[in-house]
Every structure is written in structure tokens, then in C-alpha cells.
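Here is the structure we will look at, set down as C-alpha cells.
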Amino acid sequence: MKNLLSFLFIIIFSIGYSQTKDTRTFQQINDSILREAHLIYRFDKAFTTTAANIDAHRELRRTAGEIVIMPKNDKLHALVFSKETKTQIVGEMFFNEYIDSTSLITVSRPATADEMKLREVKHTVMSGVQAKYEVIYGGDDTYLNPIFIPYKEKIRDKNVQLYKFYLTTETNKANTIPFGRDYMFIAKEDGSIFYNLQFNLYMPVVISQEIAEKQSVTIEYPEREHYITPTDMYLFAKYGAPKDLFNLRVLSNYLGVYFDYNWDRETLDVVME
């Protein structure tokens, strides 16, 4: 999987290169953004699926506390910590690359050292965000959805444990896709944040009859946002797919091109117009 620092390097340093308007020059950038969007979607889907299974399980509803998603090889391992005993695991689920899952397994076992550390670092990162960064937590129909992603980065021939923490602005409003006003933080192994970024302003799209008929959404970015963002792609897949919307087209005013994302085919292309 393409690591995030490489993804950021491409986004930050290839802007001038991409202005040649040759679609081939965008390919590496698009591939990285597409992978990142899929990664965000996978982690969020694993979390929400686990939460839904807990809600449907009468006994586990009484004992379940925090859910933490842990990568294991090519799978995601959803850990359900005990509400009362913070060092105890009371439930587990496993998800493959395509978000297919096992059934929710009820267990009663102590959390491993790695599982406890992951939970503790997540709390450290969240506390750091609350203490040091200004974020908009939402309004009457919006809220921030936290997505915590552990990953390893190869630095000077050594695999270093790092963490990505996304806060995506989401909505309870019907027939609405909540694009924009998303945040990303990158933290070291101890949970200290060393990089942060905000994507776009909030620009929700109401799914009109015309959009539903075309099965496509078109939005326009201000010049400060050069490329389609992985969070907007994730949000389109999450909110648009249940409405049978397949294509997201984003106009980059900075580059003068359209980015076309199709969630069903998992493709991201550049269109010159």
C-alpha cells in the first residue's frame, strides 16, 4: 500500500509538473489519492459495521465500550473493548480488503500489549487535536467522524510506526453529501502530532432529481485546493453509493481540469475540457 508521506510528497511537489496538462503526468498522483480514499473508506466501514453488529446484539450492547480498528496483515481487526474493564476485549470482527467480514465474535479475554498501546495512542492523538488545533465540530445536522489509521513508514531503512487521524465532517441530513471541511493529522509513534492539514470549506450537495437521474455529482473547488481530496471521494462512496450515484466530477480551478471518480469501477481519471 502506498504510504501517506509519499502521497503528501506527490500532492505538494508535483503541482507545477501537473500543469503541463498531459493526463499521463497525473497518473501517479491519482493512484495515490485513490488508494488513500479506499483506505479511509475501509477503516470507516469496519468501524460502522462493527458498531451496527453490536447494536443488534442484546448482550454485547450492555458490555461493549470503545471500538478500535487494527490492521493485521491484509485484514482489518475490529476490537471491542469492555465498557467496564478497559483492559478487556469483549468482541471481535475481521474484514478483508473488500470489507467482507466475519460474524461478530463475542469473547472475554485480556487485551494484548499491542492492542492496549493502539488504544492509548489513539486517545493521545485525539487529546492533542482537542488541545492544540482549531476544528469546527459541527452544527445542528453535522458532526465530526474520527477515523484512526495506524501505518508503517520506511525511514532510513527502518520501519517506523506512525498514525493518521482523519476528522471528516458528516451529516444526519437526508439526501445530502457532506463534501469539505475535513481534517488530517499525522502522529509519531508516541502519539505526538507533527503534521496537519484541512481540506476545503464545507460545501454540502443536496441530491436533486437531476443528480439522481444522471447518477453523477459535479462540484467545483476553490483555487486553494488543487486536486480532488481523498476525503471527498470517501464521502461520495459512503453517501452516494446508497443512492445509486456512481460518478463524482470535481473541477480544479487551479489546474483547469476535471477529476472524474467512479466508485463502482474504483477509477480516478483526469478530463481536459
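The values are calculated or read from the model by the stated rules, or taken from the named source; none is laboratory data. All of these numbers come straight from a predicted model, not from anything done at the bench. Note that we place each Cβ from the backbone using ideal geometry, even for glycine, and neighbour counts take in every protein chain shown.
Table for the structure above
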read-out	value
Among the residues listed as THR63, THR50, the single one being β-branched (Val, Ile, Thr), under 22 Å from TYR239 (Cβ atoms) and surrounded by 14 or more Cβ atoms within 10 Å (Cβ to Cβ)	THR50
Residue list for region 60-78, restricted to those being among the charged types (D, E, K, R) and either under 14 Å from ILE99 (Cα atoms) or in a strand (DSSP E or B) (or both)	GLU66, LYS72, ASP74, LYS75
Residue match in region 82-95 (condition: under 18 Å from the mean Cα position of the chain (by Cα), in contact (Cβ under 8 Å) with a residue 24 or more places away in the chain and in a loop (DSSP other than H, G, I, E, B))	no
Some residue of region 238-254 being in contact with a Gly (Cβ under 9 Å, 6 or more places away or on another chain) and touching a residue at least 60 places away in the same chain (Cβ under 8 Å)	no
Set ASN159, ASN145: member being polar (S, T, N, Q), in a strand (DSSP E or B) and either surrounded by 17 or more Cβ atoms within 10 Å (Cβ to Cβ) or at pLDDT 95 or above (or both)	ASN145
Counted residues, region 227-262 - those being under 16 Å from ALA37 (Cα atoms), surrounded by 21 or more Cβ atoms within 10 Å (Cβ to Cβ) and not hydroxyl-bearing (Ser, Thr, Tyr)	11
All positions within region 135-165 that are more than 23 Å from MET116 (Cβ to Cβ) and in contact with a Ser or Thr (Cβ under 7 Å, 6 or more places away or on another chain)	GLY138, ASP141, THR142, LEU144, ASN145
Qualifying residues in region 92-120 (those that are charged (D, E, K, R) and farther than 22 Å from GLU59 by Cβ) - the one surrounded by the fewest Cβ atoms within 10 Å (Cβ to Cβ)	ASP100
Answer from GLU266, GLU213, GLU223 - the residue that is at pLDDT below 95 and either of a type in the set (Ser, Thr, Tyr) or over 23 Å from ALA46 (Cα atoms) (or both)	GLU223
Test: residue in region 202-210 that is touching a Leu at 6+ places or on another chain (Cβ under 8 Å) and at negative phi	yes
Criterion violated by GLY138 - all others in (1) surrounded by 15 or more Cβ atoms within 10 Å (Cβ to Cβ); (2) assigned to a strand (DSSP E or B); (3) modelled with pLDDT under 95 satisfied	(2)
Any chance PHE199 is within 22 Å of ILE29 (Cα to Cα), among the hydrophobic types (A, V, I, L, M, F, W, C) and at pLDDT 95 or above	no
Long-range neighbours under 8 Å by Cβ, at least six apart or interchain, first residue under 19 Å from GLU189 (Cα atoms) within region 130-159, second among the small types (Gly, Ala, Ser) and part of a strand (DSSP E or B)	none
